[in-house]
Amino acid sequence: MINKRSLWFLTLFSLILVLSIYYITMPSELLLTTGKTEEKENTNTNPTVSVEESDILVALRVESDDEMLKQIEDLNLILTNTESSVDQKNEAYEKIKELNDNRSLEEKLEAQIKETHKLDSFIKIKNNQIQVTINSSDSSEELANKIMRTIQSNFDESKYITVKFQK
């Protein structure tokens, strides 16, 4: 049963990853509705393209997703290997569960920073360390401290949090 669930998770995660990369690389003209497209063509011959999220954050997310996908593939090989012991399979399953929990926590913290500080961010959690990359040219110590306090408020134990500003 674990094998089927893991395979379904990997399949769905891969599909989501492919669709998100497709959406990011899709030309902006396809994202507009037809009514708005016709109005825009009539009023403006040179369309302007605005990007909400920086290329750096997108690159970090893709790199992180690739790394996570590679780890999950390796762990799935252990789960599906008939020569693996029960302890190895349990350990691999727990590691996959931990990776998923970390990813959901990263997304939750990114949403919290977006809501609280109105900033786009990328968060990477590894053990007791949390790395935060903020898409902003305003790199004040006060803002970094506020972000660190916002993140630390989600944990009972102390975490090592670093904040990096990129534009």
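Give the number of residues within segment 114-125 that are in contact (Cβ under 8 Å) with a residue 12 or more places away in the chain and more than 16 Å from Ala59 (Cα to Cα). Total meeting the criteria: 4. Scanning segment 59-74 for residues that are in contact (Cβ under 8 Å) with a residue 60 or more places away in the chain and out of contact with any strand residue (DSSP E or B) (no Cβ under 9 Å at 6 or more places or on another chain) turns up Ile72, Glu73.
Would you call Ser136 within 16 Å of Met148 (Cα to Cα) and modelled with pLDDT under 90? Taking the combined requirement at face value, the residue satisfies it. Residues in segment 125-146 that are out of contact with any helix residue (DSSP H, G or I) (no Cβ under 9 Å at 6 or more places or on another chain) and surrounded by 15 or more Cβ atoms within 10 Å (Cβ to Cβ): Gln131, Ala144. Annotation: of all residues in segment 83-113 being without any contact (Cβ under 8 Å) to a residue 60 or more places away in the chain and in contact with a Ser or Thr (Cβ under 7 Å, 6 or more places away or on another chain), the one that is farthest from Ile134 (Cα to Cα) is Gln112.
Residue-by-condition table, conditions (1) under 30 Å from Lys97 (Cβ atoms); (2) touching an Asp or Glu at 6+ places or on another chain (Cβ under 7 Å); (3) at pLDDT 80 or above:
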site	(1), (2), (3)
Asn3	yes, no, no
Ile24	yes, no, no
Leu30	no, no, no
Thr33	no, no, no
Thr45	no, no, no
Ser50	no, no, no
Glu53	yes, yes, no
Asp66	yes, no, yes
Glu73	yes, no, yes
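Could you tell me whether any residue of segment 108-124 is touching a Phe, Trp or Tyr at 6+ places or on another chain (Cβ under 9 Å), more than 17 Å from Val163 (Cα to Cα) and not polar (S, T, N, Q)? No, segment 108-124 contains no residue that is touching a Phe, Trp or Tyr at 6+ places or on another chain (Cβ under 9 Å), more than 17 Å from Val163 (Cα to Cα) and not polar (S, T, N, Q). Scanning segment 88-124 for residues that are of a type in the set (A, V, I, L, M, F, W, C), within 11 Å of the chain's Cα centre (by Cα) and surrounded by 14 or more Cβ atoms within 10 Å (Cβ to Cβ) gives Leu105, Leu109, Phe122, Ile123.
The values are calculated or read from the model by the stated rules, or taken from the named source; none is laboratory data. No experiment lies behind these values; they were computed from the predicted model shown. Note that we place each Cβ from the backbone using ideal geometry, even for glycine, and neighbour counts take in every protein chain shown.
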